[in-house]
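The values are calculated or read from the model by the stated rules, or taken from the named source; none is laboratory data. This is a predicted model, so every value here is computed, not measured. Cβ placement follows ideal geometry from the backbone for every residue including glycine, while neighbour counts extend to all protein chains displayed. To get the accessible areas, we keep the full protein, side chains included, count just its heavy atoms, and leave off ligands, DNA and RNA. Shrake-Rupley method; radii C 1.70, N 1.55, O 1.52, S 1.80 Å.
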Amino acid sequence: MSHDSERVILARRHVAKGRQIVERQQRMVGNGGGNTAEALKLLALFEATQNIFEDDLERILREERNG
């Protein structure tokens with residue numbers, strides 16, 4: 001299967017969007033606006049989700065390489 005499969009494309013899209021979300025939340029925490037404790041909790045959740053997205057992409061790429 002090609003690296004351009006729909007699964008790879010979708011996984012790459014999730015990783016890219018997740019990075020944007022994490023970066024935006026990091027900026028919000030860094031600016032200190034609003035409830036910092038809640039912003040940090042949300043950032044931790046976004047980072048954990050991002051790790052899942054990146055692990056999933058790596059797994060999919062491995063599967064496609066190994067056929």
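Kindly establish whether residue 55 is outside any helix (DSSP H, G or I) and not aliphatic (A, V, I, L, M).
Details: outside any helix (DSSP H, G or I): no; not aliphatic (A, V, I, L, M): yes.
Against the criterion (outside any helix (DSSP H, G or I) and not aliphatic (A, V, I, L, M)), residue 55 does not qualify.
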If I ask for residues that are within 12 Å of the chain's Cα centre (by Cα) and open to solvent by less than 60 Å² (accessible area, probe 1.4 Å), which ones from region 1-43 would you list? 11, 15, 16, 18, 21, 22, 43
So, first residue closer than 15 Å to residue 6 by Cα in region 51-67, second residue basic (Lys, Arg) and open to solvent by 70 Å² or more (accessible area, probe 1.4 Å), Cβ within less than 6 Å, six or more apart or across chains; the pairs are 60/7
